[in-house]
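Novice: Could you have a look at this structure, given as structure tokens, before my questions?
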Amino acid sequence: MRIGVIDNTHPRLGEILTRAGHEVVMLHQVDSAGLAQALQGMEGIIVRSRPLGRELLSKVEGLRFVGRVGSGLENIDVEWCRKQGIRVLNSPEGNRDGVGEACVMLLLALMKALVRANNQVHAGLWLREENRGTDLRGKIVGIIGYGNMGSAFADKLRGFGVRVLAHDKYRSGFERAGVHECGLERVLRESDVISMHLPLNAETRHYADRDFFLRLGRPVWFLNTSRGAVVHTEALLDAIDHGRVIAAGLDVLEFERDDLSGLDPAMEPVVQRRLLGHERVLITPHVAGVTHEGRLKMAEVLADKVIHAFPNDKG
């Protein structure tokens, strides 16, 4: 097959596909205006963050699959692809370790006041009692969405002496030692920590809204490393200010540009300023799964999926 790669990816992806007999065409430097023409004759498209809507996809005759190097598929019109019989592949297995570790990092940084203490020492302050931390051992961690990322976080929590409550609307039968499968209400009622691991779609947009935070049974540490718009930012900030959320660690924000290049200042600027200035919110720039190892693994996983999905279509 001829496969067009329209984003900059790890070179290992192209090497594996080429060795398997496919023709890989690097199109990551083609701008949006010329992309439709450049994709003519391609049977497969591999993408990372560029948008692939039906307007563009419908112009590529003979398209057989779209592959995303990563987990989320919100930049691809998946429903249209499926109606056309076009396979959609992704590689969330590749960066699950990075995301799981980042969740632990964010949680411990919040519970131990790491960033605040570091900034104070650099400013010449030595405040020990004011930075008394909280231990993770003995806490109940609620995980909402138990796919690759949610289960990776649970794996990384082994050894911390916590109990995990996990809820997934579309998965079941995953309970094991230390992980208890349960409904959402129990997660909200009993958790000391809540971590979001949901894909972004019409059902999950603003999943964590005002009502969500009002249903919490106790103050929690809150994490989101999935997609920004899963959380209603203003509702989260209100929950922090009213004591329902102790502090939040966010790797993703609902104000991100579609190409993940930064924040869009035109999106709810008042809420953005409030968020960025809040002392009890720790933010990283959508990098939980952005590791050197993850970049390689995501490429390898996706290449293997393409080869297994089309075993007789080489060359």
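Each reported figure results from applying straightforward, stated rules to the coordinates on display, with no laboratory input. The shown structure was predicted, so the numbers you read here are calculated from the model rather than taken from an experiment. Don't worry about glycine lacking a Cβ; one is built from the backbone with ideal geometry, like all the others, and counts go over all protein chains shown.
Novice: Using +1 at the C-beta of Lys and Arg and -1 at the C-beta of Asp and Glu, which of Phe212, Met26, Thr233 has the Cα lying farthest in the positive direction of the dipole of the chain?
Specialist: Phe212
Novice: Further, regarding this structure: I need the trypsin sites (Lys or Arg not before Pro) found in segment 87-119, filtered to DSSP loop residues with at most 15 other beta carbons within 10 Å of theirs.
Specialist: Loop-located and lightly packed - none at all.
Novice: While we're looking at this one, here's another question. Run the dipole for the chain about the Cα centre, Lys and Arg Cβ at +1, Asp and Glu Cβ at -1, nothing else charged, and hand back the magnitude in debye, nearest 20.
Specialist: Values: 41 positive and 41 negative charges, 130 e Å.
The calculation lands at about 620 debye.
Novice: Enumerate lysine pairs in the chain that are 8 or more residues apart or on different chains, then count those whose Cα atoms are under 16 Å apart. Please list the in-between numbers first.
Specialist: Numbers: Lys59/Lys83; Lys112/Lys139; Lys139/Lys156; Lys297/Lys305; Lys305/Lys314.
Value for the chain: 5.
Novice: Now a separate question. Label points 7 Å out from Cα along the Cβ direction at Leu108 and Arg2: separation in nm?
Specialist: In this crude spin-label approximation the distance works out to 5.1 nm.
Novice: Please get the size of the charge dipole for segment 95-283, origin at its Cα centre, with Cβ charges of +1 on Lys and Arg and -1 on Asp and Glu, quoted in debye to the nearest 20. Mind showing how you got there, number by number?
Specialist: Details: 25 positive and 26 negative charges, 135 e Å.
Rounded to the nearest 20 debye, it is 640 debye.
Novice: Hey, can you rank 291-298, 169-176, 274-281 by average C-beta count inside 10 Å, highest first?
Specialist: 291-298, 274-281, 169-176
Novice: What is the spin-label model distance, in nm, from Arg19 to His278 if the labels are put 7 Å beyond Cα along the C-beta direction?
Specialist: So the two model labels end up 4.7 nm from each other.
Novice: Now a separate question. How far is helix 96-111 tilted off the main Cα axis of the chain, in degrees rounded to 10, range 0 to 90?
Specialist: Roughly 20 degrees between the two axes.
Novice: What translational diffusion coefficient, in µm²/s and rounded to a whole number, does the Stokes-Einstein relation yield for the chain at 37 °C and a viscosity of 0.692 mPa s, taking the hydrodynamic radius as the Kirkwood radius over Cα pairs? It would help to have the intermediate numbers written out before the result.
Specialist: On the way: Rh = 21.0 Å.
Estimated diffusion coefficient is 156 µm²/s.
Novice: Relative to the longest principal axis of the chain, what angle (0 to 90°, nearest 10) does the C-alpha long axis of helix 292-309 take?
Specialist: It works out to around 40 degrees.
Novice: Between Asp211 and His242, how many nm apart are label points set 7 Å from Cα along the C-beta direction?
Specialist: Here the modelled spin labels are 1.5 nm apart.
Novice: What does DSSP give for the chain in terms of the percent of beta bridges that are antiparallel, rounded to the nearest 5? Display every interim value, and only then the final one.
Specialist: Working: 2 of 43 bridges.
In the chain, DSSP labels about 5 percent of beta bridges as antiparallel.
Novice: How big is the Kirkwood radius of segment 95-283, worked out from every pair of different alpha carbons and given in Å to one decimal? Intermediate results must be reported in sequence, preceding the final value.
Specialist: Numbers: mean 1/r = 0.0588 Å⁻¹.
It is 17.0 Å.
Novice: If one computes the Cα centroid of segment 105-160 and of segment 218-255, what distance in Å separates the two points?
Specialist: 15
Novice: If we sort 132-139, 254-261, 63-70 on the protection proxy, mean other Cβ atoms within 10 Å, highest first, what's the order? List each step's numbers first, then the result.
Specialist: Numbers: 132-139: 12.9, 254-261: 15.2, 63-70: 22.4.
Packing proxy ranking, top to bottom: 63-70, 254-261, 132-139.
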